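The values are calculated or read from the model by the stated rules, or taken from the named source; none is laboratory data. Computed from a predicted model, the values in this text were never measured in an experiment. So basically every Cβ, Gly included, is an ideal-geometry build from the backbone, and we count neighbours across all protein chains shown. Side chains are part of the model used for accessible areas, which takes the heavy atoms of the whole protein and leaves out ligands, DNA and RNA. Shrake-Rupley method; radii C 1.70, N 1.55, O 1.52, S 1.80 Å.
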Amino acid sequence: MQNEYPFGWPKGGFTGPQGPFYCGVGTEKVYGRDIVEDHMEMCLMAGITLSGINAEVMLGQWEYQVGPLPALEVGDQLWVERWLLELSLIHI
């Protein structure tokens, strides 16, 4: 979060309807791409099996797909992936 608001959201307010942001492209519909790409690189260097990544329903919301792997391995990789995300957020 930036200034206690989700990335890209106006201070004290809300974004418009979610439609334009869903799997969005462009600087007015996607926010935080630099963080997402840094985090993705950290995951790949750590050996996390990523099968996808995309901007999600609302501005500043992203999704990673971990796998395909057996269920226990996916769970382990998700924990490491989330830890790496925390590390990547320290640098902003």
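Multiply the residue separation of residue 82 and residue 33 by 0.36 nm, subtract the distance between their alpha-carbon atoms, and state the gained length in nm to one decimal.
Length gained between residue 82 and residue 33: 16.0 nm.
Ignoring ligands, DNA and RNA, what percent of the 1.4 Å accessible area of the stretch 26-83 is carbon and sulfur?
C and S atoms contribute 58 percent here.
Using only Cα atoms, tell me the angle between helix 71-90 and the longest principal axis of the chain; keep it within 0 to 90° and round to the nearest 10.
That helix lies at roughly 50 degrees to the long axis.
Could you point to the residue in 58, 12, 35 farthest towards the positive end of the chain's charge dipole, with +1 and -1 charges on the Cβ of Lys/Arg and Asp/Glu respectively?
The residue sitting most towards the positive pole is 12.
Provide, in order from the shortest bin, the percent of all Cα-Cα pairs of the chain in each 10 Å bin, continuing until the bin that contains the maximum pair distance.
16, 43, 31, 9, 0
Between beta-carbons, use under 12 Å as the cut-off and find the net charge around residue 67, counting Lys and Arg +1, Asp and Glu -1. It would help to have the intermediate numbers written out before the result.
Values: positive: none; negative: 73, 76, 81.
Summing Lys and Arg as +1 and Asp and Glu as -1 gives -3.
For the stretch 46-92, what class follows from the C-alpha gyration tensor (a ≥ b ≥ c being the square roots of its eigenvalues): rounded when a/c is under 1.5, otherwise prolate if a/b is larger than b/c, else oblate?
oblate
Angle, helix 33-45 long axis vs. longest principal axis of the chain, Cα atoms, 0 to 90°, nearest 10?
Taking Cα atoms only, the helix is inclined about 0 degrees.
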